[in-house]
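All remarks here apply to the structure that follows.
The values are calculated or read from the model by the stated rules, or taken from the named source; none is laboratory data. Note that the coordinates shown come from a computational prediction; the quantities given were computed from them, not determined experimentally. FYI the Cβ positions are ideal-geometry reconstructions off the backbone, even for glycines, and counts take in every protein chain you see.
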Amino acid sequence: MTEFHSNVRRPDGLAFYCRECAAERSEASRRKRGIKPQKRSAEPVPPGSKWCPDCDTIKRLIEFARTAAKKTGYHSYCLTCHTARGVESKNRLYGGTREYHLRHRYGIGQADFDEMLWRQFGVCAICHAPDPQHVDHDHRTGEVRGILCFNCNGGLGQFRDNLDYLTGAIEYLKGTTCQRTLIRPGVYRISSSTRERRPSRSS
């Protein structure tokens, strides 16, 4: 009985073919469908290690990414080969990792990005710095709002897109930033904050 797989759909509860014949039929079916034979390591794999079929190398488990989809708990390919496969797939399916990133995260392509940047005259939509590369989007709706430089995009994120926080920051800077006032042509007066300042320890 151990020479047959179990099959609850059959009256006797066993598969029609024995394990050996079933394996041969399965392998023949894979060859007929154009699936290459499964690779095997030529050397025994010691505990705590895993064999990568792409680079044909036995490596430590820490060199493989973890995944719950595999019984072993690790991906079939080492980190280096796994990354290379991902890049190859993105190049083949999307024409590059940049196109994949834009479509996967923002739902736009490089052509859409270029058009938005052209409409902004090639500068950041906030500070007008040249050649911005960051897509700004509404985190609640996912809608793309514009193309920003690294600093402006990060600044909006730090303020959590909150208008009250941004307005408060503007008012704060107005009261703490030194202002330059023109007295006469070529002469300016630098005035500091009018807010009450706490005396220094040396005063």
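Structural remarks
- Matching residues in segment 1-12 - criterion: being free of Cβ contacts under 8 Å to residues at least 12 places away in the same chain and assigned to a loop (DSSP other than H, G, I, E, B): Thr2, Asn7, Val8, Arg9, Arg10, Pro11, Asp12
- Any hit, segment 92-105, residues being farther than 30 Å from Arg145 by Cβ and either at pLDDT 90 or above or assigned to a loop (DSSP other than H, G, I, E, B) (or both): yes
- For segment 13-62, filtering for residues that are surrounded by 10 or more Cβ atoms within 10 Å (Cβ to Cβ), free of Cβ contacts under 8 Å to residues at least 12 places away in the same chain and assigned to a loop (DSSP other than H, G, I, E, B) leaves 2.
- Arg160 passes every criterion in (1) modelled with pLDDT under 95; (2) surrounded by 13 or more Cβ atoms within 10 Å (Cβ to Cβ) apart from (2).
- Criterion (modelled with pLDDT of 95 or more, surrounded by 14 or more Cβ atoms within 10 Å (Cβ to Cβ), in contact with a helix residue (DSSP H, G or I) (Cβ under 6 Å, 6 or more places away or on another chain) and not in a loop (DSSP other than H, G, I, E, B)) met by exactly one of Ile108, Ile126, Ile147: Ile147
- Failed criterion for Leu79 (all others in (1) modelled with pLDDT of 95 or more; (2) more than 30 Å from Ile62 (Cα to Cα); (3) touching an Asp or Glu at 6+ places or on another chain (Cβ under 8 Å) hold): (2)
- Residue match in segment 167-182 (condition: out of contact with any strand residue (DSSP E or B) (no Cβ under 7 Å at 6 or more places or on another chain), among the aromatic types (Phe, Trp, Tyr) and modelled with pLDDT under 95): yes
- Unmet requirement for Ala69, which otherwise passes all of (1) touching a Phe, Trp or Tyr at 6+ places or on another chain (Cβ under 9 Å); (2) within 30 Å of Arg103 (Cβ to Cβ): (1)
- Only one of the numbered conditions (1) in a helix (DSSP H, G or I); (2) not assigned by TED's automatic domain parsing to the domain that holds Ser76 is not met by Pro132, and that is (1).
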